[in-house]
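I'd like to ask some things about the structure below.
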Amino acid sequence: MAPTSTTDIAYWPYDFDLPASEAVSTGGILHLSGHIGDDDDGNVPDTLAEQTEQMMRNVAASLKTVGATFDDVFKCRLMLTDIGRLEEVFEIYRLYFKPLCLPVCTTFGISALAYGAQVEIEVSLKNVK
């Protein structure tokens, strides 16, 4: 979907009814909304591995929407409902980035996420447009 813009900010709305934008660009930086591992029907898989794989596929789809790839990502924020399982998430997360071009990453252990998700990611990248 094409972005709409104000003076200094461009917005990429979701193609479905959600009170947030899929992406927002300002000051040369593009921010994606948080992504969980839900499919196109809103179903969240049971396992952390399946959720992480779907979450990363969802990020890839959003990156494609804005004309970017994981090579453009410089910052990630990971939220997990069980921080003790971070390495399980990292095993899958690593597959999407070049070994010497890993983004900075902050991780949080939190009590709950939307829709029963176990993991969520926020991504920031250079504005490619």
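Each reported figure results from applying straightforward, stated rules to the coordinates on display, with no laboratory input. Since the model is a prediction, treat every value here as computed from it, not as a measurement. Note that we place each Cβ from the backbone using ideal geometry, even for glycine, and neighbour counts take in every protein chain shown.
Which chymotrypsin sites (Phe, Trp or Tyr not before Pro) from the range 35-126 combine a DSSP loop assignment with at most 16 other Cβ atoms within 10 Å?
Phe97
Per residue of the range 31-42, in order, report the coupling 6.51 cos²θ - 1.76 cosθ + 1.60 (Karplus, θ = phi - 60°) as ³J(HN,Hα) in whole Hz, putting x for Gly and Pro.
Residue by residue, the range 31-42 yields 10, 9, 4, x, 10, 10, x, 8, 8, 4, 9, x Hz.
Still on this structure, I have one more. Between Leu18 and Val128, take the C-beta separation as r, use R0 = 35 Å, and let me know the FRET efficiency to the nearest 0.05.
Efficiency computed from Cβ-Cβ geometry: 0.90.
Among Leu102, Met56, Ile83, whose Cα projects farthest towards the positive end of the dipole of the chain, with charges put on the beta-carbon of Lys, Arg (+1) and Asp, Glu (-1)?
Result: Leu102.
With a sphere of radius 13 Å drawn around the Cβ of Leu113, what net charge do the other residues whose Cβ falls strictly inside it have (Lys, Arg +1; Asp, Glu -1)?
Overall, the nearby charge balance is -3.
For Cα extents along the principal axes in Å, pick the label among (1) 58, 28, 23; (2) 48, 33, 22; (3) 43, 37, 21 that corresponds to the value derived from the coordinates.
Read-out from the structure maps to (3).
Rank the residues Lys126, Lys98 as a footprinting-exposure proxy: fewest other Cβ atoms within 10 Å of their Cβ go first.
Lys98, Lys126
In debye to the nearest 20, how big a dipole does the range 4-126 give about its Cα centre with +1 on each Lys and Arg Cβ and -1 on each Asp and Glu Cβ?
In total the dipole reaches around 620 debye.
Rounded to the nearest 5, what % of DSSP beta bridges with both residues in the range 4-126 are antiparallel?
The antiparallel proportion sits near 80 percent.
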